[in-house]
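Worksheet: the structure to be examined is printed underneath.
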Amino acid sequence: MPVSARPWKEIQAHIQEQILKQCVDVVDPEQERQILMKVFIAATWPRLKDHGVSWIGFYQADLPTPHTTSMLLAAREPKAACSPIGLHGVCGNSFTSGKPIVVRDVTQLGDNYIACDPRDKSELVVPCLDRAGNPWGVIDLDSFEVGSFDATDALNVQILLKVARLSK
């Protein structure tokens, strides 16, 4: 799937519109994060499912950094996935490094790959950072196609997370 075929600008506009509607009177930061994750998934999934993405979801740290031992599945589409997951896989490595990870072919990861769906062939994981720059979770995108994601996709997801107020 060519990266340029993904509707990133359309998703960004939809996220901005939905945040204004959903978060008007929310005071509690944790409640706001839960709402924002749902808004993000609702804005992205319908626009990415026909563009090479087979699954999208947020994983949140079980405990604040540096005490995190695993991550728990939060908002996601279209189905549930593994939860909790350890910090040894791609999601955990992105979380601990604070850097996006693009996996062209998940079969190359060996034991470090946590396979929630055996049909997955490629993956993109982007960390979600709080205002202080500490990770609180990650957004995980999967595809049934090898090589579905690249650095441009990672950058676009980072931008969307900032627009959605889910990362600094």
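The values are calculated or read from the model by the stated rules, or taken from the named source; none is laboratory data. Predicted, not measured: the structure shown is a model, and the values here were computed from it. With ideal geometry, Cβ positions are generated from the backbone for all residues, glycine too; neighbour counts draw on all protein chains shown.
Close contacts from region 79-103, counting a first residue that is free of Cβ contacts under 8 Å to residues at least 60 places away in the same chain and surrounded by fewer than 20 Cβ atoms within 10 Å (Cβ to Cβ) and a second that is of a type in the set (S, T, N, Q) and in a loop (DSSP other than H, G, I, E, B), with Cβ to Cβ under 6 Å and a gap of 6+ residues or different chains, come to PRO84/SER70; GLY86/SER70. Per the conditions (1) farther than 16 Å from GLU123 by Cα; (2) under 14 Å from the mean Cα position of the chain (by Cα), the sole criterion not satisfied by GLU77 is (1).
Against the list (1) within 20 Å of ASN156 (Cα to Cα); (2) not in a strand (DSSP E or B), the condition GLY137 fails is (2).
Residues in region 89-99 include at least one that is modelled with pLDDT of 90 or more, among the basic types (Lys, Arg) and not in a helix (DSSP H, G or I). Hey, among the residues in region 8-59 that are modelled with pLDDT of 90 or more and surrounded by fewer than 14 Cβ atoms within 10 Å (Cβ to Cβ), which one's nearest to VAL146 (Cα to Cα)? Here the residue is ASP50. Among the criteria (1) more than 20 Å from LYS38 (Cβ to Cβ); (2) modelled with pLDDT under 95; (3) out of contact with any Gly (no Cβ under 7 Å at 6 or more places or on another chain), the one LYS79 does not fulfil is (1). Looking only at region 60-73, residues that are at pLDDT below 95 and closer than 23 Å to ASN156 by Cβ come to 0 in all.
Of all residues in region 151-168, those that are closer than 19 Å to CYS91 by Cβ and among the β-branched types (Val, Ile, Thr) have Cβ atoms under 7 Å from Cβ atoms of residues that are modelled with pLDDT of 95 or more and surrounded by 17 or more Cβ atoms within 10 Å (Cβ to Cβ), 6 or more apart or on another chain, in VAL157/LEU124; VAL157/VAL126; VAL157/ILE139. Determine, yes or no, whether SER167 is surrounded by 22 or more Cβ atoms within 10 Å (Cβ to Cβ), in contact with a Leu (Cβ under 9 Å, 6 or more places away or on another chain) and more than 19 Å from PRO7 (Cα to Cα). Criteria met by SER167. For region 140-168, the tally of residues that are touching a helix residue (DSSP H, G or I) at 6+ places or on another chain (Cβ under 6 Å) and in a strand (DSSP E or B) stands at 1. Against the condition of a type in the set (Ser, Thr, Tyr) and closer than 28 Å to PRO7 by Cα, how does THR44 come out, does it pass? So THR44 fits the description; yes. Scanning region 60-78 for residues that are over 20 Å from CYS116 (Cα atoms) and exposed (fewer than 15 other Cβ atoms within 10 Å of the Cβ) turns up LEU63, PRO64, THR65, PRO66, HIS67.
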